[in-house]
Amino acid sequence: LARGTAEPDLAGLHVVVSAGGTREPIDPVRFIGNRSSGKQGFALAGTAAARGARVTLVAANTSLADPAGVDVVRVSTTAELRTAVRAAARDADVVVMAAAVADFRPREAAEAKIKKADDNSAPEIRLVQNPHVLRELGHSRSRPGQTVVGFAAETGDAQGTWLEHGRAKLAKYGVDLLIVNEVGVDLTFGADHSAAVVIGADGSEEPVADGPKERLADVIWDRVLKVRTPND
Ligand code: CTP
Ligand code: CA
């Protein structure tokens, strides 16, 4: 379905989307980060606005232009992203966690730039786990009837296929929908296109062929509407 002028089927909904990748400071000039471009989250925000939603986009370290008609909140660390998402989620109908959130952060960030020692030694950086924003949202909805959507990049291994790992994650985080990307193939990071399977807590499974991230975004919003009004 081409959406030059989209029908406003998300009108009346406040949707919150997180995008990009969080950064965890090591010292004032260095950080632990990841390769997320933010394109999928920005595509979700832009398509939702085009379909009539009120959109809050929490963007972590992206270099993309603000999508039209979207309220953008810029953050950097996981702690900042968590605060911004939870604040926006208080009156949200839908929350989509498309951001690549750092699993670990340095236990403390050095206040001054870390200098090399003359003896060739290197500092040890102690990591601690970050809070899991999606799991918190999935298990304690900030609003009754709120729809919570996550993403997962999975590979198959001895324990199961990438899709089985996705199903396990959907249950573990208590979310309504999980968008599962198979990684390992050169896909996803920084690309303009992506293939995925959208799995639902209702057991549904919708494969989405490789295509533009806007197309996947529209499929996700279609599924969100189905979850919210199952009899339509
Ligand atoms: N996520 C989150 N908070 C974290 C880590 C991840 O909210 N601290 C969210 C991501 O935004 C994504 C989903 O959880 O929607 C899955 O992220 P992913 O990295 O695929 O899985 P993890 O749950 O972090 O598990 P692991 O990396 O150990 O496989
Ligand atoms: Ca992770």
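Spot the failing condition for Thr155; the list is (1) at pLDDT below 95; (2) of a type outside the set (Lys, Arg); (3) open to solvent by less than 60 Å² (accessible area, probe 1.4 Å), and only one is missed.
(3)
Among the residues in the range 73-92, are any within 11 Å of ligand 1 (Cβ to nearest atom), in a loop (DSSP other than H, G, I, E, B), out of contact with any Gly (no Cβ under 7 Å at 6 or more places or on another chain) and acidic (Asp, Glu)?
no
Please enumerate the residues belonging to the range 83-105 that are more than 14 Å from ligand 2 (Cβ to nearest atom) and open to solvent by 10 Å² or more (accessible area, probe 1.4 Å).
Here is the first cut: in the range 83-105, the ones more than 14 Å from ligand 2 (Cβ to nearest atom) are 83-96.
Across the range 83-105, the qualifying residues are Thr83, Ala84, Arg86, Ala87, Ala88, Arg90, Asp91, Asp93.
Given the condition β-branched (Val, Ile, Thr), closer than 26 Å to His132 by Cα and either at pLDDT below 95 or open to solvent by 50 Å² or more (accessible area, probe 1.4 Å) (or both), answer yes or no: does some residue in the range 188-205 qualify? Full working, then the answer.
We begin by selecting, within the range 188-205, every residue β-branched (Val, Ile, Thr); these are 188, 197-199.
Right, trim to closer than 26 Å to His132 by Cα and you get 188, 197-199.
With the extra rule that they be either at pLDDT below 95 or open to solvent by 50 Å² or more (accessible area, probe 1.4 Å) (or both), the set shrinks to 188.
Looking through the range 188-205, at least one residue is β-branched (Val, Ile, Thr), closer than 26 Å to His132 by Cα and either at pLDDT below 95 or open to solvent by 50 Å² or more (accessible area, probe 1.4 Å) (or both).
Only one of (1) over 15 Å from the mean Cα position of the chain (by Cα); (2) assigned to a loop (DSSP other than H, G, I, E, B); (3) more than 26 Å from Arg228 (Cβ to Cβ) fails for Phe31. Which number is that?
(2)
For the range 143-155, check the following and say yes or no: at least one residue is among the charged types (D, E, K, R) and more than 25 Å from Thr22 (Cα to Cα). Before you say what the answer is, go through the steps one by one.
First, pick out the residues of the range 143-155 that are among the charged types (D, E, K, R): 143, 154.
If we keep only those that are more than 25 Å from Thr22 (Cα to Cα) as well, we get 143.
Within the range 143-155 (the criterion being among the charged types (D, E, K, R) and more than 25 Å from Thr22 (Cα to Cα)), the answer is yes, since at least one residue qualifies.
Considering each of Gly174, Gly184 in turn, give the residue that is open to solvent by 70 Å² or more (accessible area, probe 1.4 Å) and on the phi > 0 side of the Ramachandran plot.
Numbers: Gly174 fails: open to solvent by 70 Å² or more (accessible area, probe 1.4 Å).
The conditions single out Gly184.
I need a count of the residues in the range 1-43 that are within 30 Å of Ile114 (Cβ to Cβ), open to solvent by 20 Å² or more (accessible area, probe 1.4 Å) and among the β-branched types (Val, Ile, Thr).
The total comes to 3.
Kindly check whether there is at least one residue in the range 60-68 that is within 20 Å of Thr147 (Cβ to Cβ) and out of contact with any His (no Cβ under 6 Å at 6 or more places or on another chain). Full working, then the answer.
Looking only at the range 60-68, we keep the residues that are within 20 Å of Thr147 (Cβ to Cβ), and these are none.
Within the range 60-68, none of the residues are within 20 Å of Thr147 (Cβ to Cβ) and out of contact with any His (no Cβ under 6 Å at 6 or more places or on another chain).
Please go through (1) touching a strand residue (DSSP E or B) at 6+ places or on another chain (Cβ under 9 Å); (2) assigned to a loop (DSSP other than H, G, I, E, B); (3) more than 13 Å from ligand 1 (Cβ to nearest atom) for Ala117 and return the number of the only condition it doesn't satisfy.
The single condition Ala117 does not satisfy is (1).
Tally the residues that are in contact (Cβ under 8 Å) with a residue 40 or more places away in the chain, within 12 Å of ligand 2 (Cβ to nearest atom) and under 14 Å from the mean Cα position of the chain (by Cα), restricting the search to the range 128-150.
Number satisfying all stated conditions: 4.
Find all pairs meeting these conditions: Cβ atoms under 6 angstrom apart; at least six residues apart or on different chains; first residue within the range 87-115 and within 28 Å of Gly52 (Cβ to Cβ); second residue more than 10 Å from ligand 1 (Cβ to nearest atom) and at pLDDT below 95.
Ala89/Ser142; Arg90/Ser142
Take the residues of the range 135-157 that are hydroxyl-bearing (Ser, Thr, Tyr) and in a loop (DSSP other than H, G, I, E, B): which is nearest to Val208 (Cα to Cα)?
Taking the range 135-157 first, the residues hydroxyl-bearing (Ser, Thr, Tyr) are 140, 142, 147, 155.
In the following step, the residues that additionally are in a loop (DSSP other than H, G, I, E, B) were identified as 140, 142, 155.
Details: Ser140: 29, Ser142: 30, Thr155: 17 Å.
Residue satisfying both the conditions and the ranking: Thr155.
Regarding the range 158-170, can at least one residue be identified that is closer than 13 Å to Met97 by Cβ, open to solvent by 50 Å² or more (accessible area, probe 1.4 Å) and in a strand (DSSP E or B)? It would help to see each step written out before you state the result.
Pass one, the range 158-170, residues closer than 13 Å to Met97 by Cβ: 169-170.
Going one step further and asking which of them are open to solvent by 50 Å² or more (accessible area, probe 1.4 Å), we end up with 169.
Retained after the next criterion (residues that are in a strand (DSSP E or B)): none.
Within the range 158-170, not a single residue is closer than 13 Å to Met97 by Cβ, open to solvent by 50 Å² or more (accessible area, probe 1.4 Å) and in a strand (DSSP E or B).
Considering (1) at pLDDT below 95; (2) of a type outside the set (Phe, Trp, Tyr); (3) open to solvent by less than 50 Å² (accessible area, probe 1.4 Å), say which one Val70 fails and leave the rest.
Unmet for Val70, out of (1) at pLDDT below 95; (2) of a type outside the set (Phe, Trp, Tyr); (3) open to solvent by less than 50 Å² (accessible area, probe 1.4 Å): (1).
The values are calculated or read from the model by the stated rules, or taken from the named source; none is laboratory data. Everything quoted here is computed from the prediction, not taken from an experiment. Here Cβ is always computed from backbone atoms with ideal geometry, including for glycine, and neighbour counts include all displayed protein chains. Only protein heavy atoms, including side chains, enter the accessible area calculation; ligands, DNA and RNA are left aside. Shrake-Rupley method; radii C 1.70, N 1.55, O 1.52, S 1.80 Å.
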